[in-house]
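Novice: Sharing a structure here in structure tokens format.
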Amino acid sequence: MWSRPHLLGIEGLDASEVGYLLDRAASFLGPMPKTDALHGRVIVNLFFESSTRTRTSFEIAGKKLGADVINVSPSTSSVSKGETLLDTIRNVEAMHADILVLRHASSGAPQFLAKHARSSIVNAGDGTHEHPTQALLDVLTMRKRLGDLKGCIVAICGDILHSRVARSNALLLGLLGANVRLTGPRTMLPREAARLGPTVTIMPTLSDAVEGADVVMMLRIQNERFSGAALPTTREYTKTFGLNTAMLGRAKPNALVMHPGPINRGVEITSAIADGGQSVILDQVAAGVAVRMAVLEAVGRTRGAA
Ligand code: ASP
């Protein structure tokens, strides 16, 4: 079952915890009536980086569970006046927030806060480190279409080095027995992929990664996370690592095409594929609400009001 006060990452979770969250999330898929599981609780969404899908779906999820949800963004908060993250959190907790959903550009920010917080911390993406609810919603989407993921081949392609989505997915898919292939330009690949698990392999080219895959997950180049030229040109990138119809033809027939968003159409993926019959990109978005309901409910049940 679930007994943790926080969800900080996929790392450290075991198969039964992941199974619990995924099964609970599956029960929330589809149009869900409001419940009162978190009635009287206060959830504060603290997003120090831009977000469309994650912030909105955490808000919807909290409201579906009957909680009061407040959104704080850095441009309108005292962070822009020099307040530290810890002071911000202490102030929010003084107002009796129960769950803090945090997105931050610094890897490790939620882990740091969890050591000091009285409330539950949910990681909504920390730097290049982890994005656990994204991996859970990706796996929920895959499981719904493919069933058991043991032995499935999942190709994750693009800017792996700077992607918290790739990292959390590699860890979670490994836990579920899927084979993960990572590919991208050499400057965008981690040196030690093996650390992500025994089922993770680095592939030199996109076609090697896509060949016979059950799932092809494309990633955006995370321009905001590095300076300087990690790539020759965007055109060159699209030519070598962009997914087009011919390249997708190398995957298994009816392989799923995924992308965490935001999509850069015409760069890492063509519009024909993003909007095509094999794309489950909007199913991922829908699964996001279900997964975030399961996570908020789980941490909310574990820890009482702050
Ligand atoms: N939305 C995802 C994230 O926050 C992926 C991306 O931004 O490319 O990591």
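The values are calculated or read from the model by the stated rules, or taken from the named source; none is laboratory data. Fair warning: this is a prediction, and the values are worked out from it, not measured in the lab. Cβ atoms come from the backbone with ideal geometry, glycine included; neighbour counts cover every protein chain shown. Side chains included, ligands, DNA and RNA excluded: accessible areas come from the protein's heavy atoms. Shrake-Rupley method; radii C 1.70, N 1.55, O 1.52, S 1.80 Å.
Novice: List every residue pair whose Cβ atoms sit under 9 Å apart, with the two residues 6 or more apart in sequence or on different chains, where the first one lies in the range 1-28 and is β-branched (Val, Ile, Thr) and the second, anywhere, is open to solvent by 30 Å² or more (accessible area, probe 1.4 Å).
Specialist: Ile10/Arg167; Ile10/Leu171; Ile10/Leu175; Val18/Leu175; Val18/Leu176
Novice: What are the residues in the range 119-152 that are in contact with a strand residue (DSSP E or B) (Cβ under 8 Å, 6 or more places away or on another chain), away from the ligand (no atom under 16 Å from the Cβ), open to solvent by less than 10 Å² (accessible area, probe 1.4 Å) and not in a helix (DSSP H, G or I), if any? Quick ask: steps written out before the conclusion?
Specialist: Keep residues of the range 119-152 that are in contact with a strand residue (DSSP E or B) (Cβ under 8 Å, 6 or more places away or on another chain), which gives 119-127, 130-134, 138, 141-142, 145-146, 151-152.
Subset that is away from the ligand (no atom under 16 Å from the Cβ): 119-121, 142, 145-146, 151-152.
Filter once more, keeping what is open to solvent by less than 10 Å² (accessible area, probe 1.4 Å): 119-121, 142.
Ser119, Ser120, Ile121 - these are the residues of the range 119-152 that are in contact with a strand residue (DSSP E or B) (Cβ under 8 Å, 6 or more places away or on another chain), away from the ligand (no atom under 16 Å from the Cβ), open to solvent by less than 10 Å² (accessible area, probe 1.4 Å) and not in a helix (DSSP H, G or I).
Novice: Follow-up question, since we're still on this one. Which residues, taken from the range 43-66, are buried (at least 21 other Cβ atoms within 10 Å of the Cβ) and at pLDDT 95 or above?
Specialist: Within the range 43-66, Ile43, Val44, Asn45, Leu46, Thr54, Ser57, Phe58, Ala61, Gly62, Lys64, Leu65 meet the criteria.
Novice: Quick one: in the range 192-229, which of the residues that are more than 22 Å from Pro253 (Cα to Cα), part of a loop (DSSP other than H, G, I, E, B) and in contact (Cβ under 8 Å) with a residue 60 or more places away in the chain is farthest from the chain's Cα centre (by Cα)?
Specialist: Restricting to residues being more than 22 Å from Pro253 (Cα to Cα), part of a loop (DSSP other than H, G, I, E, B) and in contact (Cβ under 8 Å) with a residue 60 or more places away in the chain, the top hit is Phe226.
Novice: A follow-up question, please. In the range 266-280, is there at least one residue being buried (at least 22 other Cβ atoms within 10 Å of the Cβ) and not in a helix (DSSP H, G or I)?
Specialist: yes
Novice: Residue under question is Val79, and the condition is that it be part of a helix (DSSP H, G or I), of a type in the set (A, V, I, L, M) and open to solvent by 30 Å² or more (accessible area, probe 1.4 Å); does it hold?
Specialist: Spelling it out, Val79 is indeed part of a helix (DSSP H, G or I), of a type in the set (A, V, I, L, M) and open to solvent by 30 Å² or more (accessible area, probe 1.4 Å).
Novice: Within the range 184-234, track down each residue that is touching a Gly at 6+ places or on another chain (Cβ under 8 Å) and open to solvent by 80 Å² or more (accessible area, probe 1.4 Å).
Specialist: Hit for the range 184-234 is Pro198, nothing else.
Novice: Return a yes/no flag: does the range 31-42 have any residue that is closer than 22 Å to His116 by Cβ and in a loop (DSSP other than H, G, I, E, B).
Specialist: Yes: the range 31-42 contains one or more residues that are closer than 22 Å to His116 by Cβ and in a loop (DSSP other than H, G, I, E, B).
Condition check ((1) in contact with a helix residue (DSSP H, G or I) (Cβ under 9 Å, 6 or more places away or on another chain); (2) in contact (Cβ under 8 Å) with a residue 24 or more places away in the chain) across all residues:
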{"residue": "Asp36", "(1), (2)": "no, yes"}
{"residue": "Arg41", "(1), (2)": "yes, yes"}
{"residue": "Thr52", "(1), (2)": "no, yes"}
{"residue": "Val72", "(1), (2)": "yes, yes"}
{"residue": "Lys81", "(1), (2)": "no, no"}
{"residue": "Leu85", "(1), (2)": "yes, yes"}
{"residue": "Val101", "(1), (2)": "yes, yes"}
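Novice: Which condition from (1) within 20 Å of Ile221 (Cα to Cα); (2) in contact with a Ser or Thr (Cβ under 6 Å, 6 or more places away or on another chain); (3) among the charged types (D, E, K, R) is the one that Arg292 breaks?
Specialist: With respect to (1) within 20 Å of Ile221 (Cα to Cα); (2) in contact with a Ser or Thr (Cβ under 6 Å, 6 or more places away or on another chain); (3) among the charged types (D, E, K, R), Arg292 is out only on (1).
Novice: Quick check on Thr199: is it away from the ligand (no atom under 16 Å from the Cβ), under 21 Å from Ile273 (Cα atoms) and of a type in the set (S, T, N, Q)?
Specialist: no
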